[in-house]
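A quick write-up on the structure given underneath.
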Amino acid sequence: MTQSTEPAAIWLAQSAFDQLTAHLEDLKGPQRQAIVAEISAARDEGDLKENGGYHAAREAQGRLEGEIQQLEALLRQADTTEPADDGVVGLGKVVTFKFEGDDDDEAETRLIASIEMKDFAGGLEISSAASPIGAALLGAGVGDTVSYEGPNGRTLKVEVLKVTPFEG
């Protein structure tokens, strides 16, 4: 059996894709130019062996280039296709669920790719597909009950009540 070397697609909301693309352009343009200018100015100061400013600027350049490479790879893998309204939990979906034994409270979470977590501010709780609850919910449908291990080591069960595509 041949395994694919193609990386898996990562679902991103179009707004997140646009933000990451703009950030990448900033890194490749103004930020890269600023570091090149810092390196040049430090180089003009003379002896590079004893020049802390030069070495700091070169380290900053390495970090910047690494971030550029990571963002380029992420954006190559990105899938901004609107999620289907099929009632199945997947990335880009809003999931309403309740914990087993808790008849009163329903919870809602948006299942996303973890890169979006730091920028999302829409009032919904956010779960990464890589988190224990996210991984358990992935692929479940309305009416399904799934289990996962909670932070305290106990097995938790949740029932999926509703699944809709995220709009925003």
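The numbers here are math on the coordinates, done by the rules we state, and not lab data. Quick caveat: nothing in here was measured; it's all calculated off a predicted structure. No Cβ is skipped: glycine too gets one built from the backbone with ideal geometry, and neighbour counts run over all protein chains shown.
Arranged from fewest to most other beta-carbon atoms within 10 Å of their beta carbon, Y148, Y54 become Y148, Y54.
Full extension of the chain between E167 and H23 yields a length gain of 49.6 nm, computed as 0.36 nm times the residue separation minus the alpha carbon distance. In vacuum, with every alpha carbon of the range 14-74 counted as one equal point scatterer, what does the Debye formula give for log10 I(q)/I(0) at q = 0.13 Å⁻¹? Two decimals, please. Values returned for q = 0.13 Å⁻¹ are -0.41.
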